[in-house]
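Student: Let me give you the structure first, and then I'll get to my questions.
Please treat every number below as a calculation from the coordinates, not as lab data. As the structure is a computational prediction, the values presented were derived from the model and not from experiment. Note that each Cβ is placed from the backbone with ideal geometry, even for glycine, and that neighbours are counted across all protein chains shown.
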Amino acid sequence: MPLSPSPNMLKTCANDEEILLADAQASDANSPTISSAGSSRKSLRPLTRLLPYLLKHKGVVTAAVIALFSAAVITLVLPAAVRRMIDFGFGADDPALVNSYFAVLVGVVCALALASSIRYFLVMWISERVVSDVRSDVFAHLTRLSPAFYDSAKSGEILSRLTADTTQIKSAFGSSASLAMRNLIMFAGASVMMVVTSPRLSVIVLAAIPVILVPILGFGRQVRRRSRFAQDTLADASAFAGEMLGAVRTLQAFTHERRSADRYRAAVEAAFQAARQAIMARAALTGFAIFVIGASIVAVLWIGASDVFSGRITGGELSQFLLYSILAAGSLAALSEVWGELSQAAGAAERLSELMEIQPEISAPADPVRLPETPRGEISFDQVSFAYENSRSLPVLTELALTVSPGETVAVVGPSGAGKSTLFSLLMRYYDPTAGSIRLNGVDIRQLDPEDLRGHIALVPQDTAIFGASIAENIAYGRPDASREEIVAAAQAALAAPFIDTMTNGYDTLVGERGITLSGGQRQRIAIARAVLKSAPVLLLDEATSALDAESENLVQQALDRLMENRTTLVIAHRLATVLKADRILVMEGGRIAETGTHAELSAAGGLYAKLARLQFGAEEELAQAAEEEDQSSSGTATV
Ligand SMILES: Nc1ncnc2c1ncn2[C@@H]1O[C@H](COP(=O)(O)OP(=O)(O)OP(=O)(O)O)[C@@H](O)[C@H]1O
């Protein structure tokens, strides 16, 4: 994992070209799968991809639209009521009539209040509902993507998309969409009513509209570009922060506190600068719109006043016209604000749907073969070759052929980078071989549902993932429906029970994030307990001794021995004890099987294994011999 932020993250932007350049770089630097083509981001079309989420709640959406429409129409009634009051109430000099108009107005206001609050509730409900559904779907989809996707994607950045982009969609569906709709209705209604009230005055106001709209569209594009850059930079910064906080001990050990803080600050500052420029463009747009709108209202009022003096229209009609033009102008101003927000949300929707469109490279076939409930656990690799996607030219495995019989224990040894872990990854079907096939009980694993296949394999990795939950929950990760008794039995079998019992809350003790409160040996024993609970016919062990002291190693070894009984086991061996116990040892070198045989056979052959054994296990062997000699001499003393 890179410990430094990507170059675009540190970029501070002084001018437009730099922003555009950095924007393009940001897209390039992201994994190609989650960056998007800029052109389609200019429209609101991506928002339509969220329609299925809305259509799931047709009833609520219809009710919200009705409430929205009612509130807008009631607002449009108000100026007409005011005009009638001025012309017929005040004009007729009839206080009773004025009173009745006021009573009607109160009724109108009540209806408006009711429709508005219902609209608010329904619209906000929809936005919360949609964003929750989108989040759940995106996360569920992410969990299904193949490990190959995560080889190049940055998880911190994806996480930022999951939170920041969905939040933007929420505000789009909540305030922005409803504001846009309400203001569109209001603008259309008020414009029609203006023409009906005074066609002459309407011409002046309507002539001002293109003067307002053209710059809005131009400014809007600028706002979007700058906001997008700010968001990309922030996503990068979040990825960096996630990585740094996840490795805070390493960060502190290398005294990188200030360096990391400076890098993060630079990234956030770049985002701030981009946001500031977006805000400036928006502020200029708002000021411009208000000026043009205000000026045209003043002009209308001026001309309207002379029309009243000349008797062309009544005072009430002028008031009505004025109120409608204020409503129309206000709606237009609101639309200019909302447009920016909606286009940002469109960008967010586009990025999320791109994420959703990525298909897992590994998926179940249309008609998967089912493995029997208790398969025997026979594994065969038939001329398997493999290269990782990001280094296609370098084969990691070449024409590998191997058969492991049910119940057999095969130890895999070899120098670092020989392809031992890759062997496991292929068997788990994290990746598919580029040539050849892998079979479990004679069935090509590509014909199986990956869930079924992985259900039959228990993996004890070198680096155990412990989650920030209770010990019991962590063990139950091996089989979520396990009872407490089964969890305790698994912990006992894995020799984890003694240390769990000493903890304050026993099995309910919460371990810190990534199991930070546990020692290496404890983490491994929890991983073994998981595998015990899973009770799968095939066991894949990636032994690690580096984290363990002699006592813990002994405990882990005992737990593993029990686990391996009656199971087909492939074990990446780091201990002499394991290779001695194995039925067969497989020596890998450069992605090929260099030698196979037992410890004695291979040691006698004097090849790669003999060399490796001397280097890796030599010290252990010497110690074992020394211990044996000591035993003999002490028993000798006793007998004398
Ligand atoms: N996800 C990956 N993407 C690209 N290359 C990878 C990936 N994982 C491993 N490799 C490369 O594949 C080769 C074999 O790696 P692998 O982890 O299988 O070796 P190993 O024998 O298990 O090594 P070690 O004993 O050090 O764990 C190495 O050259 C490694 O750089």
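Student: Using the alpha-carbon centroid of each, what span in Å lies between region 207-246 and region 421-477?
Tutor: For region 207-246 versus region 421-477, the Cα centre distance is 42 Å.
Student: Compute the whole-percent fraction of alpha carbon pairs in region 40-149 spaced more than 18 Å apart.
Tutor: Working: 4044 of 5995 pairs.
More than 18 Å apart: 67 percent of the Cα pairs in region 40-149.
Student: Over the Cα atoms of region 463-535, compute the convex hull volume and normalise it per residue, giving Å³.
Tutor: Working: hull volume 5.2 nm³, N = 73.
Convex hull of Cα atoms, per residue: 71 Å³.
Student: In 10 Å bins starting at 0, how do the alpha-carbon pair distances of region 279-352 split up by percent?
Tutor: Whole-percent P(r) values from 0 Å outward: 18, 34, 23, 15, 8, 2, 0.
Student: On to the next question. Test of understanding: extend the Cα→C-beta vector of A140 to 7 Å, then name every residue of region 340-366 with backbone N under 15 Å from that spot.
Tutor: 356-357, by backbone N distance to the label point.
Student: While we're here: Compactness ratio of region 8-357: Cα Rg over 2.2 N^0.38 Å, N = residue count? Mind showing how you got there, number by number?
Tutor: Values: Rg = 25.4 Å, N = 350, 2.2 N^0.38 = 20.4 Å.
The reported ratio for this selection is 1.25.
Student: May I ask you to derive the FRET efficiency for T504 and R484 from their Cβ-Cβ distance with R0 = 25 Å, giving the value to the nearest 0.05? Please list the in-between numbers first.
Tutor: Numbers: r = 18 Å, r/R0 = 0.71.
Efficiency, from the Cβ-Cβ distance: 0.90.
Student: How big is region 274-421 on each of its three principal axes, counting only the C-alpha atoms and giving the largest first in Å?
Tutor: Projected onto the principal axes, the Cα atoms of region 274-421 cover 106, 37, 21 Å.
Student: If you don't mind, another one. Can you give the net charge of the other residues whose Cβ lies under 13 Å from the Cβ of D508, counting K and R as +1 and D and E as -1? Show your work: numbers first, answer last.
Tutor: Working: positive: R484; negative: E473, D501.
In short, -1.
Student: At what distance in nm do the modelled label points of D262 and W125 sit from each other, each positioned 7 Å from its Cα along Cα→Cβ?
Tutor: 5.5 nm
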